[in-house]
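Asker: Quick one: the structure is below, and I'll ask about it shortly.
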Amino acid sequence: MQPDLEIWLDNNISPIIAKWLKDELGLETKSAYTLHLEKLKDIEIYQKAKDYGNVIIVSKDTDLNEIVSLHGCPPKLIILKVGNCDNKILFEILRNNLEKAIRLLFDFNKDIIEINPS
């Protein structure tokens, strides 16, 4: 994984998942709530991540997809193509797919990767 890389979970993902990912996978993961981004518009979150640098945003929000497509990266983006589900299911999806998605972002120089567990 890239040095100094941070994963920022959008506000549509529970902060507990950030803790679980950090504890279980050792990934530097922060929630929108701990970053105080929960009240910002998507374009503002994008700009803060761009200013920070080496960030991957994980979101279910298609608006961020449009913003990154239009303005480029950083930040890189992982879009979760999952509906409403409980935190344990979402964590399992991320645990099983996140590291591979991160490798694809960097190995193939992609800005956006989708995780679609179905």
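Asker: Number of Lys-Lys pairs in the chain under 12 Å by Cα, sequence gap 8 or more or different chains? Present the calculation step by step, with values, prior to reporting the outcome.
Answerer: Details: K19/K30; K22/K30; K50/K76; K60/K81; K76/K110.
Taking the chain as the scope, the lysine pair count is 5.
Asker: Give a quick list of chymotrypsin sites (Phe, Trp or Tyr not before Pro) in the stretch 1-66 that DSSP marks as loop, anything other than H, G, I, E or B, with at most 16 other Cβ atoms within 10 Å.
Answerer: Values: sites: W8, W20, Y33, Y46, Y52; in loops: Y33.
Answer by residue number: Y33.
Asker: How much area per residue is accessible in the chain when the probe is 1.4 Å and only protein heavy atoms are counted (Å²)?
Answerer: On the way: 6500 Å² over 118 residues.
With the other protein chains kept in place, the chain gives 55 Å² per residue.
Asker: Right, another one. Where does each of T62, T29, T34 land when they are ordered by accessible area, with a 1.4 Å probe and the largest first?
Answerer: Working: T62 70, T29 10, T34 95 Å².
Descending accessible area places them as T34, T62, T29.
Asker: Could you compute how much accessible surface R103 exposes when probed at 1.4 Å, giving the result in Å² to the nearest 10?
Answerer: Rounded to the nearest 10, that gives 130 Å².
Asker: Rounded to the nearest percent, how much of the accessible area of the stretch 2-118 (1.4 Å probe, protein heavy atoms only) is carbon and sulfur? Walk me through the intermediate numbers first.
Answerer: Values: 3030 of 6370 Å².
Looking at the stretch 2-118 in its full context, I get 48 percent from C and S.
Asker: For I79, what charge total do you get from the other residues with a beta carbon under 14 Å from its beta carbon, if Lys and Arg give +1 and Asp and Glu give -1?
Answerer: Values: positive: K60, K76, K81, K110; negative: D10, D42, D61, D63, E66, D111, E114.
Net charge in that neighbourhood comes out at -3.
The values are calculated or read from the model by the stated rules, or taken from the named source; none is laboratory data. All of these numbers come straight from a predicted model, not from anything done at the bench. Positions of Cβ are generated from backbone atoms using ideal geometry, with glycine treated the same way; all protein chains shown enter the neighbour counts. The accessibility values were calculated without ligands, DNA or RNA, using every heavy atom of the protein model including side chains. Shrake-Rupley method; radii C 1.70, N 1.55, O 1.52, S 1.80 Å.
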